[in-house]
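Step one of this worksheet: look at the structure below.
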Amino acid sequence: MKKLMRIIKRIWLNKSAIYRKTCFYVGVAFTLWGFVSLFSPLDGILDSSATFGCKLMIGLLVLIIVAGISFIISTFEVLNANENIVFTSKTGHKVVVQYGDMYSPDIVEKGYNGRRNIVISVNRCFDTIVDDNLISRTTQHGRIMRALYNTNEFDENSLNAALQQSLSNIKPEVHLSKDEKPKGNRKRYSCGTVAELNVSNTLTYFFLGLSKFDNQLAASTTKAEYVLALQNLIEFCNVRSHGYPVILPLMGTGLSRANISHEEALSYMVSALHMNNEIINCDFHIVVWKGMKDKVSIKNL
């Protein structure tokens, strides 16, 4: 029952995409029917004595059957789609929205040998202390830093030093006092600042400064800051992606408190990329976690 309810929820979530595809298939079916009738008239299918009402009912029945079959085919196609190429930029690169695991090398095409740049949104002080106070373990910020620590290549101090080195040529927006931020780094950078961390020959992280803390260590992001961060990120990728794919999660929906839904975040991100398509010099993959297929549609774009 739970599985059935999830399928119904996904159908409802993707109803616009299913409707468009159903109309397309119905149109194709009747176009082909009309084309065939040019060479082989279909008048003989119905008895010449059939009344207009009878012919109308049969016509409606045929329409319902064709629409029903088209709906089933469309639903199957939409629900089984794991990737949607939203558009191709003026520079010939794709913007793709897909379900999957953003950390998997399989997200990008094999031609890149798994080389990619992964964007992680963090607070604008670029803190590295994952203690469920400054950084929550449940956020992408916390999860990726814990994963880096588990490799034994970094700890909180060495990772912080690497990020601060990446930011060394960027002027902080403000130096916070201990009263303004009781814990962690106190250099706060402007919204959309990116710290670059190369961890291997195939993987680089772009840590995007998005949220800011208050004196209670509660993060927040305004919608204006969110849009500005996306713009700055796209411009940064134009310079620093080196043509390799950029992997983006849905940002701003969690503890960064931008107060936007997952669907809104996806729409904002696609729109920002579309407006900047002339400076896109790599493929962008917006990755929706594969467990969220009943919450976010990749086809309603």
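State the percentage of accessible surface on segment 111-160 attributable to carbon and sulfur atoms; use a 1.4 Å probe and exclude ligands, DNA and RNA. Let's see the in-between values first.
On the way: 850 of 2220 Å².
It is 38 percent, rounded to a whole number.
Note the angle between two axes, namely the Cα long axis of helix 15-39 and the longest principal axis of the Cα atoms of the chain, as a number of degrees from 0 to 90, rounded to the nearest 10.
For helix 15-39, the angle is close to 30 degrees.
Return an integer: the convex hull volume of the alpha-carbon atoms of segment 116-224, in Å³ per residue.
105 Å³
What distance in nm lies between label points placed 7 Å from Cα along the C-beta direction at ASN82 and THR202?
Going from the ASN82 label point to the THR202 one covers 1.7 nm.
Just tell me the longest site-free run in the chain, where the sites are trypsin sites (Lys or Arg not before Pro) in a DSSP loop having at most 11 other beta-carbon atoms within 10 Å.
Counting at most 11 other Cβ atoms within 10 Å as exposed, the longest clean stretch of the chain is 179-301.
To the nearest 10 degrees, how steeply does helix 140-150 sit against the main Cα axis of the chain, on a 0 to 90 scale?
In the chain, helix 140-150 runs at an angle near 60 degrees to the longest axis.
Per residue, how much accessible area does the chain have with a 1.4 Å probe, in Å²?
Here the residues of the chain average 54 Å² of exposed surface.
Could you calculate the FRET efficiency of LYS3 with ALA224 from 1/(1 + (r/R0)^6), where r is the beta carbon distance between them and R0 is 51 Å, rounded to 0.05? Can you show the working numbers first?
Working: r = 41 Å, r/R0 = 0.81.
According to the calculation, E is roughly 0.80.
Can you flag which of LYS212/LYS293; LYS223/LYS293; LYS15/LYS223 are past 32 Å Cα-Cα?
On the way: LYS212/LYS293 30 Å; LYS223/LYS293 25 Å; LYS15/LYS223 28 Å.
None, as every Cα separation is 32 Å or less.
Starting from the Cα-Cα distance between ASP155 and SER104, subtract it from 0.36 nm times their residue separation and give me the gain in nm to one decimal.
16.1 nm
With a 1.4 Å probe and all protein chains in place, put TRP33, TRP12, TRP289 in order of accessible area, largest first.
TRP12, TRP289, TRP33
Lys/Arg Cβ at +1, Asp/Glu Cβ at -1, dipole of the chain taken about the Cα centre: which of VAL194, MET275, GLY184 is farthest positive-ward?
GLY184
Which value at 222 nm does the chain reach when only helices count, each DSSP H run of 4 or more adding -39,500 (n - 2.57), with the total divided by all residues and rounded to the nearest 500 deg cm²/dmol?
Working: 7 runs with 119 residues, N = 301.
Value at 222 nm, helices only: -13500 deg cm²/dmol.
Using a simple charge model, +1 on the beta-carbon of Lys and Arg, -1 on the beta-carbon of Asp and Glu, nothing else, what dipole does segment 81-197 show about its Cα centre, in debye to the nearest 20?
It works out to roughly 360 debye.
Using r as the Cβ-Cβ distance of ARG146 and GLU263, and R0 as 22 Å, what FRET efficiency do you calculate, to the nearest 0.05?
The calculated FRET efficiency here is 0.20.
Need one value: the accessible area of GLU109 in square angstrom, 1.4 angstrom probe, rounded to the nearest 10.
90 Å²
Note down, for the chain, the three equivalent ellipsoid semi-axes (square root of 5 times each alpha carbon gyration tensor eigenvalue), biggest first, whole angstrom. Please report the intermediate quantities before stating the final value.
On the way: eigenvalues 513, 80, 55 Å².
That gives 51, 20, 17 Å for the three semi-axes.
Any number yet on Rg/Rh for segment 247-298, C-alpha, Kirkwood?
My calculation of the ratio gives 0.98.
Nearest 10 degrees is fine. How inclined is helix 223-240 to the longest principal axis of the chain, computing both from alpha carbons?
Computed tilt is about 80 degrees.
Apply the Karplus parameterisation 6.51 cos²θ - 1.76 cosθ + 1.60, with θ equal to phi minus 60°, to every residue of segment 70-75 and state each ³J(HN,Hα) to the nearest whole Hz, in sequence, with x for glycine and proline.
These are the phi-based 3J(HN,Hα) values: 5, 5, 4, 4, 5, 4 Hz.
Calculate, in nm to one decimal, what VAL239 and ASN277 gain on full extension: separation in residues at 0.36 nm each, minus their alpha carbon distance.
Details: separation 38, 0.36 × 38 = 13.68 nm, distance 1.41 nm.
Contour length minus the Cα-Cα distance gives 12.3 nm.
How charged is the neighbourhood of ILE280? Take every other residue with its Cβ under 12 Å from the Cβ of ILE280, and add Lys/Arg as +1 and Asp/Glu as -1. Don't skip to the answer; put the middle values down first.
Working: positive: LYS90, LYS94; negative: GLU235, GLU278, ASP283.
Cβ neighbours under 12 Å give a net charge of -1.
Given a 1.4 Å probe and heavy atoms of the protein chains only, how would you sort MET1, MET57, MET145, largest accessible area at the top? Let's see the in-between values first.
On the way: MET1 165, MET57 125, MET145 0 Å².
Most to least solvent-accessible, the answer reads MET1, MET57, MET145.
The values are calculated or read from the model by the stated rules, or taken from the named source; none is laboratory data. Values in this document were obtained by computation on a predicted structure and should not be read as measured data. Backbone-built Cβ (ideal geometry, glycine too); neighbour counts: all protein chains shown. The accessibility values were calculated without ligands, DNA or RNA, using every heavy atom of the protein model including side chains. Shrake-Rupley method; radii C 1.70, N 1.55, O 1.52, S 1.80 Å.
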